[in-house]
């Protein structure tokens, strides 16, 4: 839902002492706050093309809230996107949030959420509105989405792959709010064992392992991030 930079505007209103209305240039001139976040869609975390990882820069939501002077009882905010999407969050869930206009030093693309995307620490990409146009504060009670959790996924080989010899397993690991420390693999519900990691950033790592199947048959591979109950499972067939 891309918009022309000159035509876009952002508004914060509702249970505030004064509404804040900013154009893109106004927002870009505010002090930049940088946070690191690795975003993935909880519905399809195994697809690396859905991953957005790096330094998000923009106006701290706390600064905009201070400018608007929230009134007592402003318990929650509804964030509206230009595509008609909306997300209600309690005020406490927005601590550390940034209305981002840049990713890794570059202006957001339309797919990433240009002109502005709300980045909330601890939420998955699916829960963070893109193309944000307005935030409305109210006295209503809001329930936050389930927090993002550490995940590890197998990106290669794909599910159902047929192999006949040694295979190079590889994947990604993402941490919700702390550094990735370890990834473990289990084959056919066997014991979990650690996999070597290549750390790319505090919240993301790539892993790989050369594995030789003991013989023909069907194998179930499970991978998990350290201290996570979430597992990602694929089945491969050796002929």
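The values are calculated or read from the model by the stated rules, or taken from the named source; none is laboratory data. It should be emphasised that the depicted structure is a prediction, and the values quoted were computed from it without experimental measurement. Counting neighbours? That spans all protein chains shown, and the Cβs are built from the backbone with ideal geometry, glycine included.
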Problem - Failed condition for residue 35, given (1) at pLDDT 95 or above; (2) under 17 Å from residue 112 (Cβ atoms) - result: (1)
Completion exercise
Considering the range 137-157, residues that are within 13 Å of residue 222 (Cα to Cα) and touching a residue at least 24 places away in the same chain (Cβ under 8 Å), and then whichever is nearest to the chain's Cα centre (by Cα), we arrive at 151
Exercise for the section: Test residue 49 against the stated conditions and say whether it is in a loop (DSSP other than H, G, I, E, B) and modelled with pLDDT under 95. Expected result: no
Practice task
Kindly indicate whether residue 105 is under 17 Å from the mean Cα position of the chain (by Cα) and outside the structural domain of residue 197 (by TED's automatic domain parsing).
Solution key: no
Problem - Hey, residue 110 part of a loop (DSSP other than H, G, I, E, B), surrounded by fewer than 17 Cβ atoms within 10 Å (Cβ to Cβ) and touching a helix residue (DSSP H, G or I) at 6+ places or on another chain (Cβ under 9 Å) or not - result: no
Practice task
Return the total of residues in the range 126-149 being surrounded by 22 or more Cβ atoms within 10 Å (Cβ to Cβ) and either at pLDDT below 75 or under 30 Å from residue 192 (Cβ atoms) (or both).
Solution key: 1
